[in-house]
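Values in this text are rule-based calculations from the coordinates and carry no lab data. Since this is a predicted model, take the numbers as computed values, not measurements. Note: ideal-geometry Cβ built from the backbone for every residue, glycine included; neighbour counts use all protein chains shown.
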Amino acid sequence: MITEFLDNQTRLSYDYRVIAHEYIKGYVFSIHTVYYDEDHNPISYSVNPVWVEREDMEEIHTLLDRMRDATLKPILSADNFPNEFNIEEK
């Protein structure tokens, strides 16, 4: 699910994606908010991973469902954003 919003008269959207970050001895994977342009191309992502903190349990369930959906999409590379992560290239 991609949620849309308006920002300075530009239509942007966002959803959650797994992003691979290079780490000391390999990689770590975290779920971030990823922002898309009008053509649904990723243009940026949140600095910090998504926190599982909401005002009620229904919102927690919705967030967890969206985070699960993120794990079913291709992983994005933090080092080569917005390209997909490919461990074979490393």
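Taking the Cα centre of the chain as reference, the dipole from Cβ charges on Lys and Arg (+1) and Asp and Glu (-1) amounts to some 320 debye. A simple rule links phi to the HN-Hα coupling: the Karplus curve 6.51 cos²θ - 1.76 cosθ + 1.60 with θ = phi - 60°, which for the range 32-41 gives 10, 7, 10, 9, 10, 7, 4, 8, 6, 8 Hz, with x for Gly and Pro.
For the chain, the Kirkwood hydrodynamic radius comes to 14.0 Å, computed from all pairs of different C-alpha atoms.
Applying 1/(1 + (r/R0)^6) with R0 = 22 Å to the Cβ-Cβ distance of L12 and T62 gives a FRET efficiency near 0.60. Shown in residue order for the range 62-75 are the 3J(HN,Hα) couplings computed by the Karplus curve 6.51 cos²θ - 1.76 cosθ + 1.60 at θ = phi - 60°: 4, 4, 5, 4, 5, 5, 4, 4, 4, 6, 8, 9, x, 6 Hz (x for Gly and Pro). Of the residues W51, P74, A20, the one whose Cα sits farthest towards the positive end of the charge dipole of the chain is A20 (charges of +1 on Lys and Arg Cβ, -1 on Asp and Glu Cβ, taken about the Cα centre).
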